[in-house]
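What follows is one structure encoded as structure tokens, with my remarks underneath.
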Amino acid sequence: MGIETVRTATSGEEADGRRREQRGWYFYDWACSVYSTSVLTVFLGPYLTSVAKAAADADGYVHPLGVPVRAGSFFAYSVSLSVIVAVVVMPLVGAAADRTGRKKPLLGAAAYTGAAATTAMFLLGGDRYLLGGALLIVANAAQSVAMMLYNSYLPQIAPPQERDAVSSRGWAFGYAAGSLVLVVDLVLYLAHGSFGVSESTAVRICLASAGLWWGGFTLIPLLRLRDRPPASARAEATAPRLRQLAATVRDMRRHPLTLSFLLAYLVYNDGIQTVISQASVYGSEELGLGQSTLIGAVLLVQVLAVAGALGMGRLARTYGAKRTILGSLAAWTLTLGAGYFLPAGAPVGFFLLASAIGLVLGGSQALSRSLFSHLVPPGKEAEYFSAYEMSDRGMSWLGPLLFGVTYQLTGSYRDAIVSLVAFFLIGFVLLARVPVRRAIRDAGNPLPERI
């Protein structure tokens with residue numbers, strides 16, 4: 001009885017410690033999602049596009065580094081370039097995190113780099129489109145690196161049977177924060193005259209405040225998350241980084257089913273991330289909607305995404321994560337198709353579109369993250385999640401590039417938005433072909449009851 005009592009007490013202490021870490025982990029989503037919502041989704045796209053147009057020549061082109069770029073495509077190209085930077089950096093940081101076991105300092109460094117760049121967006125104005133592009137590249141790349149490290153904690157703080165729920169709660173926390181801050185942003189933007197500031201200044205305050213929020217609330221996960229000793233096989237601190245990156249790639253080739261999932265996720269999530277970053281540009285430039293309408297629509301997305309993330313987490317317990325994700329991809333395809341036919345100047349249709357996006361957005365991302373966590377070999381979480389983050393916010397460069405090129409060639413944002421349907425159709429087919437149960441076993445992980 002004495003031994004059993006000790007075991008029970010130890011188990012209870014471990015469970016309490018795990019829940020404490022989980023609560024701290026949720027708060028990084030609370031901290032950084034305001035950047036994704038207020039900056040990347042709502043304000044920066046239309047604002048940076050207007051700044052680029054102010055700097056454009058008579059034909060509507062700007063010339064960064066002497067390259068002619070249509071002003072309306074500059075934001076999309078900047079997002080794409082930020083991703084390429086992240087792709088170079090993330091595997092190196094992921095390998096270093098697994099090799100040293102010191103994820104938390106790296107998470108803090110990436111988060112505060114992104115928060116500082118976002119706060120500096122207050123300086124945008126006039127024709128400073130190059131400054132805006134540079135700050136976007138730094139902030140977005142840092143966000144990708146930080147999210148890679150953040151996601152890699154999931155297998156360590158949640159056992160297999162808890163991961164769908166824990167991942168979904170994290171996304172729900174993020175969307176709740178985004179909703180809260182967007183309400184404040186909406187008040188400031190609509191009543192900017194009452195606060196004694198111009199519309200441009202109000203937008204720049206919203207951008208900078210997102211950086212301050214990001215940096216402030218990052219303190220909570222940094223206090224509650226803990227580093228673990230590296231697996232002995234990964235502890236060679238003297239291995240050169242490029243050699244470590246090559247070793248990571250070779251190791252991933254030993255798990256072809258995990259790579260098959262990553263390929264599917266790369267494709268369909270590229271479409272998701274492009275919709276998130278370009279929807280406000282589509283609404284303002286193609287549909288002629290005002291900034292207040294766009295903020296209201298994104299706020300609706302945030303509110304419904306909380307319910308969607310939690311609701312799809314429950315559906316996954318009944319139907320499995322893979323089937324639930326496939327259903328969400330079908331919904332994404334129908335939603336984008338409907339978006340092509342939205343009439344200009346009609347906010348009701350845009351709000352209906354936002355509602356559909358909100359219901360599938362959080363769940364498709366949360367369940368993808370938890371499903372991938374089952375496919376990661378033990379002890380290689382940060383390395384593999386660096387590849388995952390390339391497929392998530394990191395590798396999503398092809399969608400913005402396609403969006404920007406399509407607009408540059410056609411001058412139509414409708415053609416640009418409908419081109420993204422291909423990502424969801426191809427991603428659906430690739431994901432349907434992945435035998436996830438066998439992939440979990442091949443990775444050396446226990447098989448959940450339903451997946």
Report task. Could you pull out the residue among A354, A382, A422, A338 that is at pLDDT below 85 and either over 25 Å from R253 (Cβ atoms) or surrounded by 24 or more Cβ atoms within 10 Å (Cβ to Cβ) (or both)? Result -> A382
Report task. Go through segment 282-299 and give me each residue that's in a helix (DSSP H, G or I) and either small (G, A, S) or within 18 Å of the chain's Cα centre (by Cα) (or both). Result -> G283, S284, S292, G296, A297, V298, L299
Query raised in the report: Does segment 307-321 include one or more residues that are crowded, with 18+ Cβ neighbours inside 10 Å and either touching a strand residue (DSSP E or B) at 6+ places or on another chain (Cβ under 9 Å) or of a type in the set (V, I, T) (or both)?
Result: no
Report task. Can you confirm whether segment 48-71 contains a residue that is of a type in the set (G, A, S), part of a helix (DSSP H, G or I) and within 24 Å of L222 (Cα to Cα)? Result -> no
Requested in this report: Count, please, the residues in segment 180-204 that happen to be aromatic (F, W, Y) and in a helix (DSSP H, G or I).
Outcome: 1
Query raised in the report: Which members of segment 265-304 meet the condition of being buried (at least 24 other Cβ atoms within 10 Å of the Cβ) and charged (D, E, K, R)?
Result: D270
Query raised in the report: Which residues, counting only those in segment 206-250, are at pLDDT 75 or above, open to solvent by 70 Å² or more (accessible area, probe 1.4 Å) and not in a helix (DSSP H, G or I)?
Result: R226, P229
Query raised in the report: Looking at Y47, is it closer than 22 Å to Y150 by Cβ, out of contact with any strand residue (DSSP E or B) (no Cβ under 9 Å at 6 or more places or on another chain), of a type in the set (F, W, Y) and open to solvent by less than 30 Å² (accessible area, probe 1.4 Å)?
Result: no
**Report entry** Meets criteria (open to solvent by 10 Å² or more (accessible area, probe 1.4 Å) and either in contact with a Pro (Cβ under 9 Å, 6 or more places away or on another chain) or part of a helix (DSSP H, G or I) (or both)) for V85
**Finding:** yes
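The values are calculated or read from the model by the stated rules, or taken from the named source; none is laboratory data. These numbers were taken from a predicted model, which means no experiment stands behind them. Cβ atoms come from the backbone with ideal geometry, glycine included; neighbour counts cover every protein chain shown. Ligands, DNA and RNA are stripped out before the accessible areas are found, and what is left, the full protein with its side chains, is counted by its heavy atoms. Shrake-Rupley method; radii C 1.70, N 1.55, O 1.52, S 1.80 Å.
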